[in-house]
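What follows is one structure encoded as structure tokens, with my remarks underneath.
The values are calculated or read from the model by the stated rules, or taken from the named source; none is laboratory data. Here the structure is a predicted model, which is why all the values come from computation and not from measurement. Neighbour counts run over all protein chains shown; Cβ positions are idealised from the backbone, glycine included. Just so you know, the surface numbers come from the protein's heavy atoms only, side chains and all, with ligands and any DNA or RNA stripped out. Shrake-Rupley method; radii C 1.70, N 1.55, O 1.52, S 1.80 Å.
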Amino acid sequence: MIRVYLLDDHEVVRFGLREMLEREGDIEVVGESGSAVDATHRIPALRPDVAILDGRLPDGSGIDVCREIRSVDPTIKALILTSYDDDEALFAAIMAGASGYVLKQIHGTDLIDGIRRVAAGQSLLDPAVTARVLDRIRKGPEQPDELKDLTEQERKILLHVAEGLTNREIAERMFLAEKTVKNYVSSLLAKLGLERRTQAAVLASRLLGKR
């Protein structure tokens, strides 16, 4: 039996997934949650083979949950199930250790096949898209000397700060917890020797040509 855990903030979605999966005979749903916080605590205790995690949640994201649970138990496989198709989220999922990243438009039979593949240790990430994302990150544009001490993630957040986004908006854009973004902003301000995010926005606009 493949033990599966469901995380989605919509009860109807969880009910539908449970019904579909348990009809297969070789899949057992061992638990479910509607919030990231609850899932982060329950999943390591239940030790499912595969955790199906909603990409975006009211209190965080499935990518954050993936990162947390795999830091506790790396044997748990994670499959991000999302409505959003973008390179940023895919990269975040890869870095968090997800075994799969699929859109909610996926056919039921394909999702079931994907769960079996992930449980068997295979990947459900599109090789072409994954390669494109990793190549873009590796070969990013040359960074000004003033930004050389920033991590890749801090540079991305700096760009969003320059766009005038709030921590909450950045968190939604990058599939991170708002608290995580706040910590990144504090770190990059310290590295740049600045006190306020408005200063960082001006610096980024000057160095990176943001308008």
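Here's the yes/no breakdown for (1) open to solvent by 10 Å² or more (accessible area, probe 1.4 Å); (2) in contact with a helix residue (DSSP H, G or I) (Cβ under 6 Å, 6 or more places away or on another chain); (3) over 16 Å from Gly108 (Cα atoms); (4) polar (S, T, N, Q):
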{"position": "Ile2", "(1), (2), (3), (4)": "yes, yes, yes, no"}
{"position": "Leu6", "(1), (2), (3), (4)": "no, yes, no, no"}
{"position": "Val13", "(1), (2), (3), (4)": "yes, no, no, no"}
{"position": "Gly16", "(1), (2), (3), (4)": "yes, no, no, no"}
{"position": "Gly31", "(1), (2), (3), (4)": "no, yes, yes, no"}
{"position": "Ala45", "(1), (2), (3), (4)": "yes, no, yes, no"}
{"position": "Ala51", "(1), (2), (3), (4)": "no, yes, yes, no"}
{"position": "Arg67", "(1), (2), (3), (4)": "yes, yes, yes, no"}
**Request:** Please work out which residue is surrounded by the fewest Cβ atoms within 10 Å (Cβ to Cβ), limiting yourself to region 18-29 and to residues that are over 13 Å from Leu79 (Cβ atoms) and aliphatic (A, V, I, L, M).
**Result:** Met20
**Asked** Quick one: Val102 ticks every box in (1) at pLDDT 90 or above; (2) open to solvent by less than 40 Å² (accessible area, probe 1.4 Å) bar one, so which box is it?
**Response** (1)
**Residue that is farthest from Arg67 (Cα to Cα) [pool: residues in region 162-176 that are under 15 Å from the mean Cα position of the chain (by Cα) and buried (at least 20 other Cβ atoms within 10 Å of the Cβ)]** = Ile170
**Fill in**
Cβ pairs under 7 Å, 6+ apart or interchain, first in region 88-105 and among the aromatic types (Phe, Trp, Tyr), second buried (at least 24 other Cβ atoms within 10 Å of the Cβ) and in a helix (DSSP H, G or I), ordered by first then second residue, are Tyr101/Leu90; Tyr101/Ala93
**Message:** Condition check: under 27 Å from Asp59 (Cα atoms), in contact with a helix residue (DSSP H, G or I) (Cβ under 6 Å, 6 or more places away or on another chain) and modelled with pLDDT under 85. Does Ala204 satisfy that?
**Reply:** no
**Message:** Given the criteria over 27 Å from Ser83 (Cβ atoms), open to solvent by 30 Å² or more (accessible area, probe 1.4 Å), acidic (Asp, Glu) and modelled with pLDDT under 85, does Glu146 qualify?
**Reply:** yes
**Request:** Identify the residue in region 105-135 that is of a type in the set (A, V, I, L, M, F, W, C) and modelled with pLDDT of 90 or more and, among all such residues, is surrounded by the fewest Cβ atoms within 10 Å (Cβ to Cβ).
**Result:** Ala120
**Message:** What's the number of the only condition in (1) modelled with pLDDT of 85 or more; (2) part of a helix (DSSP H, G or I); (3) open to solvent by 40 Å² or more (accessible area, probe 1.4 Å) that Leu194 fails to meet?
**Reply:** (2)
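Considering only residues of region 79-99 that are open to solvent by 50 Å² or more (accessible area, probe 1.4 Å) and closer than 18 Å to Gly60 by Cβ, which is modelled with the lowest pLDDT? I'd like the intermediate steps shown before the answer.
Within region 79-99, the subset open to solvent by 50 Å² or more (accessible area, probe 1.4 Å) is 83-85, 95.
Remaining after also requiring closer than 18 Å to Gly60 by Cβ: 83-84, 95.
On the way: Ser83: 83, Tyr84: 76, Met95: 79.
The qualifying residue modelled with the lowest pLDDT is Tyr84.
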**Message:** Regarding region 6-13, can at least one residue be identified that is in contact with a Ser or Thr (Cβ under 6 Å, 6 or more places away or on another chain), at negative phi, in contact (Cβ under 8 Å) with a residue 12 or more places away in the chain and not hydroxyl-bearing (Ser, Thr, Tyr)?
**Reply:** yes
**Request:** Answer with yes or no whether Thr151 is open to solvent by 30 Å² or more (accessible area, probe 1.4 Å), at pLDDT 80 or above and within 17 Å of the chain's Cα centre (by Cα).
**Result:** no
